[in-house]
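Structure first, then comments.
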Amino acid sequence: MARRVDADSLIGQLAGASPRLEPLYIISGDEPLLAIEASDALRAAAARGGYAERVSLSLDARGDWSSVTGAIQNVSLFGDRRLVDLAVPSGKPGKTGADTLTRLAALAQDGGLTDTMVIINLPRLDKATRSAKWSQALFAAGVSVEVPTIDRGALPRWIAQRLARQGQQLDRETLEWMADKVEGNLLAAFQEVQKLGLLYPEGSLSAQDVERAVLNVARYDVFGLRDAMLSGNAARALTILDGLRAEGEALPLVLWAVGDEVRVLARLSAAQQAGRDLGGEMRRQRVFGAREQLLRQALGRVPARLWAGAVQQAHDIDRLIKGLKTPGRLADPWEEIRRLTLRVAAARPRQRA
């Protein structure tokens, strides 16, 4: 059953006591924070709805798409409902993947996903991909969750809405000031809103309160970690990572900062390998200013063949953070983030003979 819903409306619907769950959800967009929030809300609702078993997969054009078919068809010995959580970070499933997703959509439309719920996470799809047979089939069969792009102009309103959720208000001038201080970065804005909720009670906040909180930054921050990793300064990156851990920084936020850059770089590298214009692809990925130079530096330093493994490692770390065992990975997600950071920061181009 084709239906579109924005991420905030979905989260509100799922917060009810007994929300109605559909067999297929497609989450698409390039704001990782909002996509993760929508996915987490669906997972929590599924858990409350009796979907006790969860299968998590991340695939691209070269992945083993038979694992999707197996996850849907294999019946639990205990009759448990099953959640299949599928990510396609590149948005390009390839022919085998496209055929698998088309069959999955047909199953959903025909009522064939008995006791199974599927969540598919995609980046924002371009016009050509959205017109492909497999994506048309998915959107016709499931609930499409639109994750909005929050640009600089929309950020003050977004901050105001998030503050309202925790019972706080700010005047427009201070909201604009906050948006400037986080340089339009949604993750940074999210962190500052959370900080204000911890530091101050409900009600109207003064500009002075906000300035003290926002300017009182920790010695280490996730953006310094990101920049050190991208520039190839491995020692600095590990020092910041150790500092974040010692200061009690939220592990998912650290992963978002590192993992988001890895996913963007993987897309840029794929575009570069395909001969597409890198500058145009940077614009499509919303990369500008100093960050563009850092990403170009990383692309020139890290061999293209390493990006697929780095994306998979970021996905595996997300599983570890959620308490899921991941074969081939260390049990401590902090150590795996350390490995992922080094994978990018310490990489060097192969020397020509």
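Data for the structure
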quantity: Sulfur and carbon atoms: percent of accessible area, the range 222-346 [1.4 Å]; calculated: 52 percent
quantity: Within the accessible area of the range 1-140 (1.4 Å probe), percent carbon and sulfur; calculated: 53 percent
quantity: Leu57 long-range amide H proximity, modeled H, under 5 Å; calculated: Asp85, Leu86, Ala87
quantity: Cut-off under 5 Å, modelled amide H: who pairs with Gln168 long-range; calculated: Gly203
quantity: Computed FRET value (nearest 0.05) for Ala164 with Ala2, which takes r as the C-beta separation and R₀ as 51 Å; calculated: 0.95
quantity: Efficiency of FRET from Cβ geometry, Thr114 and Phe288, R₀ 45 Å, rounded to 0.05; calculated: 0.45
quantity: Derived scalar couplings ³J(HN,Hα) [the range 268-279; Karplus, 6.51 cos²θ - 1.76 cosθ + 1.60; whole Hz; x for Gly, Pro]; calculated: 5, 5, 5, 5, 5, 5, 7, x, 7, 5, 5, x
quantity: The range 154-213 - percent relative contact order, Cα under 8 Å, separation 6 or more; calculated: 42 percent
quantity: Principal semi-axes in Å for the range 154-213 [√(5λ), Cα gyration tensor, largest first]; calculated: 15, 12, 11
quantity: Percentage relative contact order, the range 123-281, counting C-alpha pairs under 8 Å, at least six apart; calculated: 14 percent
quantity: For Arg286, solvent-accessible area (1.4 Å; no DNA, RNA or ligand), Å²; calculated: 90 Å²
quantity: D (Stokes-Einstein, µm²/s), Kirkwood Cα radius, the range 1-160, 0.890 mPa s at 25 °C; calculated: 153 µm²/s
quantity: The chain - accessible surface per residue (Å², probe 1.4 Å); calculated: 48 Å²
quantity: Dipole moment magnitude, nearest 20 debye, the chain about Cα centre, only Lys, Arg, Asp, Glu C-beta charged; calculated: 1280 debye
quantity: Under 5 Å, built H, 5+ apart or other chain: amide partners of Arg81; calculated: Ala52, Glu53
quantity: With all protein chains modelled, accessible area of Lys181 [1.4 Å, Å²]; calculated: 110 Å²
quantity: Top of Val193, Val262, Val84 by mean-square fluctuation, Gaussian network on the chain, Cα under 10 Å; calculated: Val193
quantity: Thr96, Thr174, Thr69, ranked by accessible area, largest first (probe 1.4 Å); calculated: Thr96, Thr69, Thr174
quantity: Max mean-square fluctuation residue, GNM over the chain, Cα-Cα springs under 10 Å, options Ala128, Ala250, Ala237; calculated: Ala128
quantity: Whole-number Å³ per residue for the convex hull built on Cα positions in the range 199-267; calculated: 123 Å³
quantity: Cα point-scatterer Debye curve for the range 222-346, base-10 log of I(q)/I(0) at q = 0.17, 0.22 Å⁻¹; calculated: -0.84, -1.29
quantity: Stretchable slack from Trp177 to Lys195, in nm (0.36 nm times residue separation minus alpha-carbon distance); calculated: 4.9 nm
quantity: Within the chain, helix-based [θ] at 222 nm, where runs of 4 or more DSSP H residues each add -39,500 (n - 2.57), nearest 500; calculated: -17500 deg cm²/dmol
quantity: The chain: relative contact order in percent, alpha carbon pairs under 8 Å with at least 6 residues between; calculated: 17 percent
quantity: Net charge over other residues, Cβ less than 9 angstrom from the Cβ of Gly142 (K, R count +1; D, E count -1); calculated: 0
quantity: Share of pairwise Cα separations in the chain, more than 40 Å, in percent; calculated: 14 percent
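The values are calculated or read from the model by the stated rules, or taken from the named source; none is laboratory data. Note that the structure is predicted; figures quoted are calculated from it, not measured. Heads up, the Cβs are rebuilt from the backbone with ideal geometry, glycines too, and the neighbour counts pull from every protein chain shown. Side chains are part of the model used for accessible areas, which takes the heavy atoms of the whole protein and leaves out ligands, DNA and RNA. Shrake-Rupley method; radii C 1.70, N 1.55, O 1.52, S 1.80 Å.
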